[in-house]
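One structure is given below, encoded as structure tokens.
Derivation of every value follows stated rules applied to the coordinates shown; laboratory data play no part. Quick caveat: nothing in here was measured; it's all calculated off a predicted structure. With ideal geometry, Cβ positions are generated from the backbone for all residues, glycine too; neighbour counts draw on all protein chains shown.
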Amino acid sequence: MNRLELLGLLCAALLGCWELGDALTCSDKQYEYKGRCCNRCRPGEKLVSVCDKTEDSICTHCESGHYQPSWTKEKHCAPHDICEDNAGLMVKVQGNATHNTVCQCQAGTHCSDTSCQTCVENQPCRPGTGFVAAKAVERKSSPCEPCAEGTFSNVSSKTEPCHPWTSCEEKGLLLKVKGTNTSDVICESSRRSSLSVLIPITAAIVTCLVGVCIYCLVHTDSRQRMQKETEAGKHGENADTPQPMEQDENVLPVQETLLRGQPVAQEDGKESRISEQEML
Ligand SMILES: *[C@@H]1O[C@H](CO)[C@@H](O)[C@H](O)[C@H]1NC(C)=O
Ligand SMILES: *[C@@H]1O[C@H](CO)[C@@H](O)[C@H](O)[C@H]1NC(C)=O
Ligand SMILES: *[C@@H]1O[C@H](CO)[C@@H](O)[C@H](O)[C@H]1NC(C)=O
């Protein structure tokens, strides 16, 4: 045998092995046993006896309080977790044959670590941190979170969330002191803003005053006119009266004559109309 022949033989042997391995590739729902593929047990079941030359695997349901989540050749199901009351735990989701029981911390407590074997009582959220209701429901970690920029908490509390800073702008004020995670902003009134309030008020007052003045002027003027009218009535044609009064002066004697019941012939229609109006 020379070297080349030896190499050839080795190659053939390797290839043979390869082919043998290839033939024995089982699906992920099977396992290999004594050169054949046997079925695994489905989730919720465990293996009772392995297959042999003729018989397939024998499986059975997990006993109560146990679970088995995958396709398996294991002969045991795992027991459900127990949510220990004295560890502060309670059942979140009850387990079944395929799923473990899920525990959670009781209200007002949160997991002491990521494995959540035990719970610790929630401490009040320190100033600068706020209570987050969603985190409190999860109970996986402390329900407190640092106040984000623009919010603050100045109290130690088990319920108070972070509150947003006051908006000085919305109140028409200027920012005096910046807010922090433990304190609100402090606003101060600005001259600009006081002017912006004063100007409309002043304008309103001035408008009112002007209105009142105009009313008074007009009113006094008409009173004076009325006084003059009466005087004009007394003194007759002697009174120094403006143009519109002249008609009235002409009417008055007509009125008097009518009232005395003496039928007086009207000289012209215009005068008669005016006299009727006056009488009404
Ligand atoms: C077992 O519980 C899980 C949730 O924990 C659920 O999705 C599944 O349907 C349940 N299986 C049975 C058979 O009830
Ligand atoms: C509040 O802010 C201060 C200063 O920015 C910072 O040092 C501190 O850690 C913050 N507090 C909290 C609870 O986040
Ligand atoms: C917290 O801030 C609010 C609003 O600014 C204020 O009314 C209250 O007095 C403050 N409380 C404490 C303890 O500083």
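Annotations
- Residues whose amide H comes within less than 5 Å of that of His66, counting only those at least five positions distant or on another chain, are His80 (H built at 1.01 Å from N in the peptide plane).
- Along its three principal directions, the equivalent ellipsoid of segment 85-164 from the Cα gyration tensor extends over semi-axes of 30, 12, 9 Å, largest first.
- Protection proxy ranking, peptides 26-34, 179-187, average beta carbon neighbours within 10 Å, highest first: 179-187, 26-34
- The stretch between Lys135 and Val206 holds 19.6 nm of extra length on full extension. This uses 0.36 nm per residue minus the Cα-Cα distance.
- Projecting label points 7 angstrom from Cα along Cα→Cβ for Ser190 and Thr114 puts them 5.0 nm apart.
- Förster radius 35 Å - calculated FRET efficiency between Gln106 and Asn154 (Cβ-Cβ, nearest 0.05): 0.75
- Listed residue (Tyr33, Ser49, Cys62) projecting farthest to the positive dipole end of segment 23-79, Cβ model: Tyr33
- Basic side chains Lys and Arg get +1 at the Cβ, acidic Asp and Glu get -1 at the Cβ, and with that the dipole of segment 85-164 about its Cα centre reaches some 100 debye.
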